[in-house]
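Enquirer: Have a look at this one.
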Amino acid sequence: MLHTVVLAAEEAAEHSGYAISPIALGVLAFGGFVAALLATYAFRNAGNKH
């Protein structure tokens, strides 16, 4: 019984496409890291104000 369920799940996984292309996912991740870098850079001297 479990073997049949596993085989059905593997077959379903093979035929499903990605919701977003891997290239677009990489571009979005890179954009998120750049945004985090800019937010970090904006507060680079906050500890020296007092």
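Enquirer: Does anyone have the angle between helix 2-15 and the longest principal axis of the chain? Alpha-carbon axes, 0 to 90°, nearest 10?
Expert: 60
Enquirer: Show me, for the range 33-50, the HN-Hα J-couplings you get by feeding each phi into the Karplus relation (A = 6.51, B = -1.76, C = 1.60, θ = phi - 60°), rounded to Hz, glycine and proline as x.
Expert: Per-residue couplings from phi come out as 5, 5, 5, 5, 5, 5, 5, 5, 5, 5, 10, 5, 10, 5, x, 8, 6, 10 Hz.
Enquirer: Now for a separate question. Taking the alpha-carbon set of the chain, what are its Rg and Dmax in Å?
Expert: Rg then Dmax for the chain, in Å: 21.9, 68.
Enquirer: Using a 10 Å cut-off around each Cβ, can you sort His3, His50 from fewest to most neighbouring Cβ atoms? Spell out each step's value before the answer.
Expert: Values: His3 7, His50 4.
Final ranking by Cβ density, sparse to dense: His50, His3.
Enquirer: To the nearest 500 deg cm²/dmol, what mean residue ellipticity at 222 nm is calculated for the chain from DSSP H runs of n ≥ 4 alone, each contributing -39,500 (n - 2.57), summed and divided by the residues? Write down the numbers at each step before the final one.
Expert: Details: 2 runs with 35 residues, N = 50.
Rounded to the nearest 500, the figure is -23500 deg cm²/dmol.
Every number in this text was worked out from the coordinates using simple rules, so none of it is lab data. Since this is a predicted model, take the numbers as computed values, not measurements. Cβ atoms come from the backbone with ideal geometry, glycine included; neighbour counts cover every protein chain shown.
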